[in-house]
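The values are calculated or read from the model by the stated rules, or taken from the named source; none is laboratory data. This one's a predicted model, so the numbers in the text were calculated from it and none came from an experiment. No Cβ is skipped: glycine too gets one built from the backbone with ideal geometry, and neighbour counts run over all protein chains shown. Just the protein is used for accessible areas: all its heavy atoms, side chains included, with ligands, DNA and RNA removed. Shrake-Rupley method; radii C 1.70, N 1.55, O 1.52, S 1.80 Å.
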Amino acid sequence: MKSPLLSLPGAVPAEGPDEGVAAHYGDLFREQRALADGTGFVDLSHRGVLTVTGDDRLSWLHLLITQHVSELPAGRATEALVLTANGHIEHALYLVDDGTTTWVHVEPGTQGALLAYLESMKFFYRVEAADRTEEFALVHLPAGSIVSLAEGEAAAVRETPYGRDVFLERGRLEEFAAAHGPAVGVLAHEALRVEAHRPRLGFETDHRTIPHELGWIGTAVHLQKGCYRGQETVARVQNLGKPPRRLVFLHLDGSEVHLPGPGTPVRLAADGPDGRKLGFVTTSARHHELGPIALALVKRNVPVDAELIAESTAAAQEVVVEP
């Protein structure tokens with residue numbers, strides 16, 4: 001869905017998965033610094049929004065997702081995954097319950113498939129799941145933001161260590177921008193996500209990614225809860241401690257003009273550009289303090305102190321997931 005905030009001065013539309021909102025508003029590093037300082041907000045109105053209502057909503061969701069939510073207190077934010085039968089990541093959910101409704105936001109365009117899966121699993125439970133993307137939009141206030149939301153301004157709020165995810169009526173986006181600007185583009189938000197080593201569905205994942213590879217164990221997967229689809233794989237990898245790949249953070253050579261894009265092969269620097277492929281870049285960004293940075297998935301047995309290259313760009317790795 002195309003955001004009305006694309007009409008703001010300086011707005012440059014994002015492309016790819018983030019199409020529909022602004023990539024930036026004319027000054028990428030200024031926007032990053034604003035977020036880091038706790039000012040401004042990010043328009044994430046292209047993301048999918050779902051709600052789940054009914055007396056059984058939390059106990060029902062508890063059976064379907066990787067997180068322990070059967071007794072989730074009202075107002076406490078959490079995140080969870082839906083896995084395939086083989087334990088591969090299919091959906092990533094960011095949710096909060098307000099006491100009567102569970103609010104969920106997901107990657108753009110994935111809400112339809114997630115809703116279809118939820119509907120197929122309703123059985124006799126007293127629940128109603130709905131796609132509310134056309135009615136509600138998401139904006140993000142950074143950590144440290146002093147914005148005080150007026151009563152009734154937000155439909156729901158997810159309070160996390162990284163800031164507040166605010167669900168609001170889609171028709172109030174421009175009003176929100178006027179009250180709580182400046183608006184910040186998704187490229188600044190992405191740069192800070194990469195800096196924080198936070199994976200994103202469709203960026204750090206492919207058709208065979210399992211939660212252990214990305215460090216989603218603990219934040220999105222509860223190891224002490226019972227049955228959910230894909231649990232056997234999670235338990236087996238947890239007990240054996242051998243996920244096939246691991247997420248790494250890369251400090252890239254700042255003398256290069258172009259960033260290595262998603263899918264760029266990662267190799268040992270000693271082997272050169274023609275060496276054996278050990279992994280690939282998942283997301284790259286230009287950071288206002290760190291310079292060019294990236295996340296990448298590499299084989300588990302790549303030495304943690306190995307100097308790497310992304311295509312021809314030198315890359316010093318920082319461990320995110322221990323091998």
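Taking one quarter of the surface of the convex hull spanned by the alpha-carbon atoms of segment 246-286 gives a direction-averaged projected area of 3.2 nm².
Across segment 36-52, rounded Karplus estimates of 3J(HN,Hα) from the backbone phi angles (6.51 cos²θ - 1.76 cosθ + 1.60, θ = phi - 60°) give 4, 8, x, 10, x, 8, 10, 7, 10, 6, 7, 6, x, 10, 10, 10, 10 Hz, Gly and Pro being marked x.
Full-extension gain between Leu223 and Ser312, please, as 0.36 nm times their residue separation minus the C-alpha to C-alpha distance. Kindly include the intermediate steps, with their values, before the conclusion.
Details: separation 89, 0.36 × 89 = 32.04 nm, distance 3.98 nm.
Fully extending the segment from Leu223 to Ser312 adds 28.1 nm.
Counting 0.36 nm for each residue step from Val12 to Ala179 and taking away their Cα separation leaves a gain of 58.0 nm. Loop-located chymotrypsin sites (Phe, Trp or Tyr not before Pro) across segment 228-308 with a Cβ neighbour count of 16 or fewer within 10 Å are lacking, with loop assigned by DSSP. Rounded to a whole number, what % of the accessible area of the chain do carbon and sulfur atoms account for, probe 1.4 Å? Here it works out to 52 percent. Measuring nothing but how far apart in sequence close Cα pairs (under 8 Å, 6+ apart) lie, relative to its length, the chain scores a relative contact order of 19 percent.
The three principal axes of the Cα atoms in segment 243-322 give end-to-end lengths of 32, 26, 21 Å, sorted in falling order.
Counting only protein heavy atoms and using a 1.4 Å probe, the accessible area of Trp216 comes to about 10 Å².
Output the relative contact order of segment 137-283, whole-number percent, from Cα pairs under 8 angstrom with separation of 6+ residues.
15 percent
Based on the Cα gyration tensor of the chain, what are the three equivalent ellipsoid semi-axes, each the root of five times an eigenvalue, rounded to whole Å and given largest first? Here the semi-axes work out to 32, 28, 15 Å. The overall shape of segment 169-318, judged from the alpha-carbon gyration tensor, is oblate: a/c is not under 1.5, and a/b is no greater than b/c.
Among the trypsin sites (Lys or Arg not before Pro) in segment 246-323, those located in a DSSP loop and surrounded by at most 14 other Cβ atoms within 10 Å of their own Cβ are Arg276, Lys277.
Taking every protein chain into account, the accessible area of the chain amounts to 44 square angstrom per residue (probe 1.4 Å). If you sort His287, His88, His258 by accessible surface, 1.4 Å probe, largest first, the order is His258, His88, His287. Computed over protein heavy atoms with a 1.4 angstrom probe, the accessible surface ordering of Phe203, Phe124, Phe136, largest first, is Phe124, Phe203, Phe136.
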